[in-house]
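Every number here is computed from the coordinates shown, using simple stated rules; none is lab data. All values derive from a computational prediction rather than experimental measurement. Every residue, glycine among them, receives a Cβ derived from its backbone with ideal geometry; neighbour counts consider all protein chains shown.
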Protein chains: 2
Amino acid sequence: MMNISRREALAGALAIASTQGSPARAAAPQSGKQAPGYYRYRVGDTEMTVVNDGVSRMPIGDDFVRNVPKAQVNAMLESLFMEKDIYAGPYNPVVVNTGKNLVLMDTGTGEAGFKSSEGINGRLMLNLAAAGVDPAAIDAVILSHYHGDHINGLIGAGNSLAFPNAEILVPEAEHRFWMDDGEMSRASTPRIDATFKNARRVMTPEVLKRVRPYQSGKEVIPGVTAVATPGHTPGHCSHIVSSGAKSVYVQADVTHAPFLFARNPGWHFMLDVDPVAAEATRREVYDMLCAERMLVQGFHYPFPAVGHVEKSGGGYREILVQWSPTP
Amino acid sequence: MMNISRREALAGALAIASTQGSPARAAAPQSGKQAPGYYRYRVGDTEMTVVNDGVSRMPIGDDFVRNVPKAQVNAMLESLFMEKDIYAGPYNPVVVNTGKNLVLMDTGTGEAGFKSSEGINGRLMLNLAAAGVDPAAIDAVILSHYHGDHINGLIGAGNSLAFPNAEILVPEAEHRFWMDDGEMSRASTPRIDATFKNARRVMTPEVLKRVRPYQSGKEVIPGVTAVATPGHTPGHCSHIVSSGAKSVYVQADVTHAPFLFARNPGWHFMLDVDPVAAEATRREVYDMLCAERMLVQGFHYPFPAVGHVEKSGGGYREILVQWSPTP
């Protein structure tokens with residue numbers, strides 16, 4: 001009675017020429033378009049809108065994970081049913097509407113520059129529009145750190161301000177480090193040197209006029225508290241968004257894509273400026289997230305990039321929330 | 001230097017009254033609206049559009065899983081960071097555009113009837129419109145089985161045909177069973193009796209005029225092959241959508257929500273008409289999906305409801321695809 005083998009079913013299919021004539025009317029055209037990439041959920045009285053900026057398609061080089069051979073990365077990708085040799089890294093800025101402030105947390109890769117030939121990123125503005133968020137209504141942009149995929153979206157065409165009415169709230173230690181010419185002169189790798197130069201490109205005089213440094217361990221705006229999570233970069237900050245008894249830990253790059261770097265917290269990602277400190281931070285944050293059963297929003301998590309984590313093997317495994325038809 | 005304890009961070013937050021004055025302009029209103037619930041991907045030359053019909057909020061009774069105490073179900077929900085005592089079961093019909101045919105696979109819970117007081121389902125038409133799919137352009141509706149959440153969407157207000165130009169392709173054994181008055185007279189439970197009666201409510205004379213039974217093991221339309229997967233209901237069918245070398249196994253209700261019933265293939269869901277046969281089918285299909293590393297689309301998977309499965313513990317664990325900004 002049962003016939004559930006794929007091969008048998010396909011053989012059956014091949015034996016049948018066609019069971020139905022052509023439809024009487026023209027076939028409906030295929031759409032080719034994805035749904036808009038935003039997702040809303042609530043944290044107490046605060047409304048969160050995850051706004052996808054796209055997904056990279058970055059070729060995986062030999063130093064993608066510094067302390068692990070590329071073959072091991074590919075084996076992991078295969079176990080995840082993902083394409084090998086490619087890092088499909090998602091980018092997910094978040095809009096936080098506290099009812100008093102409208103805040104963007106990190107800005108994505110920007111519409112100009114940074115787009116790789118294969119990547120499908122730079123989509124923040126497109127998805128903000130789909131979500132009904134006016135860039136001019138944003139009060140504040142909170143940056144976690146100064147890598148290009150987090151800051152490049154501050155400026156648009158002709159170096160215009162992408163969020164013209166926003167204060168730009170930056171981790172004090174991060175700003176000091178990347179804007180220091182002495183530190184730049186001591187850049188230990190071409191990649192880090194390029195990050196210094198990119199920060200100078202993005203931090204135009206118009207942007208710098210709006211920059212206000214913030215301290216970790218304090219509220220950045222009411223309801224959003226900064227937490228120092230150094231290692232990925234020297235002044236890297238995460239944030240806790242709270243309302244009433246509810247909160248979410250917005251982790252920025254404590255891990256890059258969790259399916260690689262939370263599962264394997266000992267992997268040293270090529271973009272970690274201090275990989276040993278980054279690993280220590282990662283383990284401490286993830287142990288806390290597990291112990292507190294705390295909701296986590298991850299910039300490089302697969303969209304909608306919000307969920308929980310559990311201990312799994314020698315690392316941690318993300319459990320994304322079930323998509324909900326209402327926020 | 002580091003301060004990543006949640007409690008410390010929150011204590012720090014409380015010590016600061018407010019770091020910023022009110023914005024000069026009125027606060028932006030919260031949206032309260034979710035993104036539209038559709039998702040596109042390709043299988044060879046065929047375009048798949050998953051169209052979410054919502055998510056149930058079904059109170060979990062003592063017989064929710066017949067052979068497992070409710071406390072064990074709740075323990076599983078807690079491990080998944082989900083609300084206890086509630087079955088948040090997603091509904092995900094799929095539109096298949098082969099380039100020649102535009103096909104809807106299962107119809108969701110319908111806009112009338114079936115809506116629970118707490119449920120947020122009956123959203124198929126809303127999400128079809130968002131996806132740009134005209135119900136009148138659908139050539140064929142393929143049904144997997146006759147439970148209300150799969151067939152009720154066939155009819156709209158005043159028993160009108162929801163898909164007025166579609167043939168309604170039904171599993172021959174399923175149609176014969178549920179439309180047989182003798183079988184109805186032998187219904188072993190009130191729930192099964194209600195399924196017989198609901199089938200008669202939905203299968204109006206106008207619907208029955210358009211019904212064409214299909215056989216398992218054969219193509220239903222070119223590119224879509226039916227596979228008998230009995231147990232959940234007597235004539236329950238799954239389908240393999242193929243194009244070139246690519247295919248996806250559209251499993252219907254081989255498992256209900258995989259986070260409960262694929263992880264625990266031995267759990268006998270209250271809606272399985274023959275739970276022993278359903279379990280045998282489930283294990284056979286999931287062993288095949290694992291062995292073949294085959295893409296699977298699940299009606300009750302969390303939206304977008306497409307991914308792979310791996311063996312995990314005594315069962316199987318779903319790995320949803322990473323959301324992609326392009327189909």
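Which value, in debye to the nearest 20, describes the size of the charge dipole of the protein assembly as shown about its Cα centre when Lys and Arg Cβ atoms bear +1, Asp and Glu Cβ atoms bear -1, and nothing else is charged?
Once rounded to the nearest 20, the dipole reads 440 debye.
Rounded to the nearest Å, what's the spacing between the alpha carbon centres of segment A:220-276 and segment B:272-327? Just the number, please.
32
What helices in chain B pass both tests, a Cα length along the helix axis of 24 Å or more and a mean Kyte hydropathy of 1.6 or higher, using whole DSSP H runs?
TM-like helix candidates: nothing returned.
Label points 7 Å out from Cα along the Cβ direction at B:Ser79 and A:Asp85: separation in nm?
Result: 3.9 nm between the two label points.
Going by average Cβ neighbours within 10 Å, how do the peptides A:128-134, A:223-229 rank, with the highest at the top?
A:223-229, A:128-134
How far, in nm to one decimal, is B:Pro29 from itself in the other copies if the label point is set 7 angstrom along Cα toward Cβ? Shortest first, please.
3.5
What's the FRET efficiency of B:Ser185 with B:Val211 using the Cβ-Cβ distance as r and R₀ = 30 Å, to the nearest 0.05?
0.85
GNM on chain A, C-alpha springs below 10 Å: top fluctuator among A:Gly158, A:Gly217, A:Gly54?
A:Gly158
With the label 7 angstrom out along Cα to Cβ, how close does A:Asp63 come to the same site in each of the other copies, in nm, nearest first?
Inter-copy label distances (nm, one decimal, shortest first): 6.5.
Of B:Ile319, B:Val65, B:Leu161, which is farthest towards the positive pole of the protein assembly as shown's charge dipole, taken about the Cα centre with +1 and -1 on the beta-carbons of Lys, Arg and Asp, Glu respectively?
Positive-end residue among those listed: B:Leu161.
Grab the Cα-Cα distance for A:Ala245 and A:Arg42, subtract it from 0.36 nm times how many residues apart they are, and report the gain in nm with one decimal.
71.9 nm
Would you work out the charge dipole size for chain B about its Cα centre, treating the Cβ of every Lys and Arg as +1 and the Cβ of every Asp and Glu as -1, and quote it to the nearest 20 debye?
680
Taking a threshold of 28 Å on the Cα-Cα distance, which of the pairs B:Lys100/B:Lys197; A:Lys84/B:Lys100; A:Lys100/A:Lys246; A:Lys311/B:Lys246; B:Lys33/B:Lys84; A:Lys33/B:Lys100 fall above it?
Beyond 28 Å: B:Lys100/B:Lys197; A:Lys84/B:Lys100; A:Lys311/B:Lys246.
What FRET efficiency comes out for A:Asn159 versus B:Ala194 if R0 is 51 angstrom and r is the Cβ-Cβ distance? Round to the nearest 0.05.
0.20
With the alpha-carbon atoms as the only input, what is the per residue convex hull volume for segment B:70-211 in Å³?
Here the figure is 149 Å³ per residue.
Give, as a single signed number, the net charge of other residues whose beta carbon lies under 9 Å from the beta carbon of B:His150, with Lys and Arg counted +1 and Asp and Glu -1.
Local charge sum for B:His150: -3.
At a Förster distance of 35 Å, what's the computed FRET efficiency of A:Glu310 paired with A:Arg57, Cβ-Cβ distance as r, to 0.05?
It comes to 0.75.
For B:Thr326 and B:Arg293, compute 0.36 nm times the residue count separating them, minus their Cα-Cα distance, and round to one decimal in nm.
Extending this stretch completely gives an extra 9.6 nm.
Comparing B:Pro69, B:Pro265, B:Pro29, which has the greatest mean-square fluctuation in the GNM of chain B with Cα pairs linked when under 10 Å apart?
Among B:Pro69, B:Pro265, B:Pro29, the largest GNM mean-square fluctuation belongs to B:Pro29.
Convex hull volume of the Cα atoms in chain B, per residue, in Å³?
197
From the label point of A:Glu83, set 7 Å from Cα along Cα→Cβ, how far away are the matching label points in the other copies, in nm, ordered shortest to longest?
3.9
Where both partners of a DSSP beta bridge lie in segment B:36-320, what percent of those bridges are antiparallel, to the nearest 5?
That works out to approximately 75 percent antiparallel.
Is there a quick way to get the dipole size of segment B:193-271? I mean about its Cα centre, with the Cβ of Lys and Arg at +1 and of Asp and Glu at -1; what is the value in debye to the nearest 20?
200
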